[in-house]
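Here the structure comes first, spelled out in structure tokens, and everything after it is commentary.
The values are calculated or read from the model by the stated rules, or taken from the named source; none is laboratory data. What you see is a predicted model, and the numbers here were worked out from it, not measured in a lab. Every residue, glycine as well, gets a Cβ built from its backbone with ideal geometry; the counts of neighbours run over all protein chains shown. To get the accessible areas, we keep the full protein, side chains included, count just its heavy atoms, and leave off ligands, DNA and RNA. Shrake-Rupley method; radii C 1.70, N 1.55, O 1.52, S 1.80 Å.
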Amino acid sequence: MAFAALTIQANAQFSASLWVDWNNNTDNFLINQNGKFDHSELADSKKHFEITPSLAYEIGNWEVGVFFGYSNSTQDSLNVLTNKVETSKLYTIRPGICIQRNFEITDRFKLFAALDLEYLYGKKTYNDDSYAPAHAFAVVLYPGLEYQLTDQFKLMASFSIPSFEWAYSKTSRYDKNGNLIGNGMSNNTLKLKPLHTFKDFLDEIRIGIAYCF
């Protein structure tokens, strides 16, 4: 009863959201035959799909929530040494906490700034049956917008450009028998992703829908 009273007084509410990100990029490489192109080509492509459900608690202009992301990517990469296309597949899971500050523009339209604290685990497999698991921790600050369709539903969009990101990751590659290949690698990344062109803006967009209750 005390929790219910506090919720009413603070004009707070829960919201359940579903974010979706999808892209497909393909580059075609003409094959060089002794200084001439023979009209054949190799395709270098990457397909990526991500879905992220989340649950948030809203108080005034602030939201605090949890999310769980899952993504699946397939990449065909041209090996410049062998002039052959190699295939790899990657899946990741990404649980985390999100803090969001909303800025009301109109009764239905809002801008927001969000801060994600997340852990990521991924596993990349190659066509020679080798694989590379990876672990990462990240902090990401990014902008977005919301549009209130009805009292219960709202559309959302977030952008990873411009954004600020810090990430620390570890990964190693193993053969199909579980033996370590070469050396492991750790990355400590700190970057600011500015907006250069409108295409950058469109490439880095993520769409979502939320239900408020």
Find the residue count for the stretch 79-110, including only residues that are open to solvent by 70 Å² or more (accessible area, probe 1.4 Å), within 18 Å of the chain's Cα centre (by Cα) and over 21 Å from A56 (Cα atoms). 2
Just wondering, is there one or more residues in the stretch 29-40 that are modelled with pLDDT under 80, within 27 Å of S88 (Cβ to Cβ) and open to solvent by less than 60 Å² (accessible area, probe 1.4 Å)? yes
Could you check D151 against (1) open to solvent by less than 40 Å² (accessible area, probe 1.4 Å); (2) in contact (Cβ under 8 Å) with a residue 60 or more places away in the chain; (3) over 20 Å from V66 (Cα atoms) and say which number it fails? (1)
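I'm trying to understand the selection: among the residues of the stretch 119-147, which are assigned to a strand (DSSP E or B) and more than 26 Å from S158 (Cα to Cα)?
K124, T125, Y126, Y131, A132, P133
Out of curiosity, is S186 in a strand (DSSP E or B) and in contact with a Gly (Cβ under 6 Å, 6 or more places away or on another chain)? If you could, list the steps in order and put the result at the bottom.
Details: in a strand (DSSP E or B): yes; in contact with a Gly (Cβ under 6 Å, 6 or more places away or on another chain): no.
Judged against the criteria, S186 is not a match.
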Looking at the stretch 50-78 only, could you name the residues that are aromatic (F, W, Y) and open to solvent by less than 60 Å² (accessible area, probe 1.4 Å)? Y57, F67
